[in-house]
1. Please verify whether residue 110 is modelled with pLDDT of 95 or more, more than 16 Å from ligand 2 (Cβ to nearest atom) and within 29 Å of residue 238 (Cα to Cα), treating the condition exactly as stated.
2. In segment 119-143, which residues are within 8 Å of ligand 1 (Cβ to nearest atom), more than 22 Å from residue 77 (Cβ to Cβ) and under 16 Å from the mean Cα position of the chain (by Cα)?
3. Tally up the residues in segment 215-225 that are assigned to a helix (DSSP H, G or I) and in contact with a helix residue (DSSP H, G or I) (Cβ under 8 Å, 6 or more places away or on another chain), please.
4. Going through segment 314-338 one residue at a time, which ones are assigned to a loop (DSSP other than H, G, I, E, B) and crowded, with 17+ Cβ neighbours inside 10 Å?
5. Grab the helices (runs of 4 or more DSSP H) fully contained in segment 117-214, keeping just those with 2 or more residues being buried (at least 20 other Cβ atoms within 10 Å of the Cβ), in contact (Cβ under 8 Å) with a residue 24 or more places away in the chain and away from ligand 2 (no atom under 16 Å from the Cβ).
6. Take residue 311 and tell me if it is in a helix (DSSP H, G or I), surrounded by fewer than 22 Cβ atoms within 10 Å (Cβ to Cβ) and either at pLDDT below 95 or more than 10 Å from ligand 2 (Cβ to nearest atom) (or both).
7. Within segment 97-116, can you find the residues that are in contact (Cβ under 8 Å) with a residue 12 or more places away in the chain, surrounded by fewer than 22 Cβ atoms within 10 Å (Cβ to Cβ) and over 16 Å from residue 258 (Cα atoms)?
Ligand code: HEC
Ligand code: HEC
């Protein structure tokens, strides 16, 4: 399924030339974790936590770009991954699944995304939904479920929503391998500890733009300038040689029950992780306009949305949730623009 209305390859080249910093990357640039978005986000990028760990040691820098897509801080193929070779093999399998679930977890995937498309550098990049240390925070109470969820539950939730598929059983090799990889990313962390870099792909509440006030014409204009060179005018993703983004909307994208289907949540990702030639370069406002444009489009329906948030508190940016918005508040505006 090739996109039909892509921006020509020259546009990407031009964009890279214009952004010298963005495309001059190379593995070296990911070492300077002290610069860029991380610092702006209020993170003490050079700081060391109580256990003596620094973000620079553990995570690929938030300012790393397209050319750093393959860079890893923790390499599952290193010799000393685990003393038990069978356990080491499961850690590697988990890594492979996260990068290519269509091959390694085909039965459970219903779209063209990979875990690594969103959790950049296999969950090892700062301000791009890092998974390093996250295993130490489970089990955790989640409002969406109104109960304690395990890491296995959470992985299953990602399959059902972000991957628009089905949850593999807890004792299935797919769950266990992802569990092994993500738990290995938390080696040395204390159970119950919450690393400072988690949950930072967000827009501060006081900067949230009410959904009704979002301007789709502006969102589209920004999208076409800032995103289309790599994601295509049709949102389906362009092969940029070092990587290929997954579809941002349509039948092969995340479904409408995913976290990314919420406008402010998606904006928090875009704000710090994109555009991949210059992450952190957009404002809170721009990120929200773009997120509104992306989430104005049709995407697969998650059948159990009504069962989410059983104790109330449905998020106000869940534009596809008919219990919050009886009519999708952005779709009609998109139709007026004549976009699709
Ligand atoms: C469409 C983007 C997207 C895809 C694809 C995706 N995720 Fe996520 N994932 C998210 C978002 C958004 C969050 C919520 C992060 C937050 O709340 O700060 C999340 C959270 C998580 C968490 C919890 C992390 C934490 O800090 O508590 C885990 C574990 C996780 N994802 C694993 C996976 C796995 C495994 C896959 C592939 C099977 C996957 N994700 C695919 C977007 C995605
Ligand atoms: C220089 C190329 C480039 C630009 C420009 C860019 N992206 Fe991306 N984006 C990527 C790549 C490549 C990935 C996948 C990364 C990976 O798999 O390691 C990605 C992933 C994503 C994802 C995760 C889900 C998916 O569909 O893959 C989102 C959401 C996203 N980009 C949004 C945006 C938005 C919005 C903009 C504009 C503000 C933007 N990007 C600009 C290259 C780019």
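1. Answer is no for this residue.
2. Within segment 119-143, just 129 meets the criteria.
3. Residues flagged as assigned to a helix (DSSP H, G or I) and in contact with a helix residue (DSSP H, G or I) (Cβ under 8 Å, 6 or more places away or on another chain) within segment 215-225 amount to 7.
4. Let us first name the residues in segment 314-338 that are assigned to a loop (DSSP other than H, G, I, E, B), namely 314-330, 338.
Passing the criteria: 315, 317, 318, 319, 320, 321, 324, 325, 328, 329, 330.
5. On the way: elements: 120-123, 151-160, 173-184.
In segment 117-214, the matching helices (runs of 4 or more DSSP H) lie at 151-160, 173-184.
6. Working: in a helix (DSSP H, G or I): no; surrounded by fewer than 22 Cβ atoms within 10 Å (Cβ to Cβ): yes; either at pLDDT below 95 or more than 10 Å from ligand 2 (Cβ to nearest atom) (or both): yes.
Judged against the criteria, residue 311 is not a match.
7. The answer is 99, 100, 102, 104, 107.
Residues are listed down the side, and each one gets a yes or a no for (1) within 10 Å of ligand 2 (Cβ to nearest atom); (2) touching a helix residue (DSSP H, G or I) at 6+ places or on another chain (Cβ under 9 Å); (3) in contact (Cβ under 8 Å) with a residue 40 or more places away in the chain:
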site: 247; (1), (2), (3): yes, yes, yes
site: 252; (1), (2), (3): yes, no, yes
site: 261; (1), (2), (3): no, no, yes
site: 286; (1), (2), (3): yes, yes, yes
site: 299; (1), (2), (3): no, yes, yes
site: 325; (1), (2), (3): no, yes, yes
site: 333; (1), (2), (3): no, yes, yes
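The values are calculated or read from the model by the stated rules, or taken from the named source; none is laboratory data. Keep in mind the model is a prediction, meaning the values are calculated, not measured. Cβ atoms come from the backbone with ideal geometry, glycine included; neighbour counts cover every protein chain shown.
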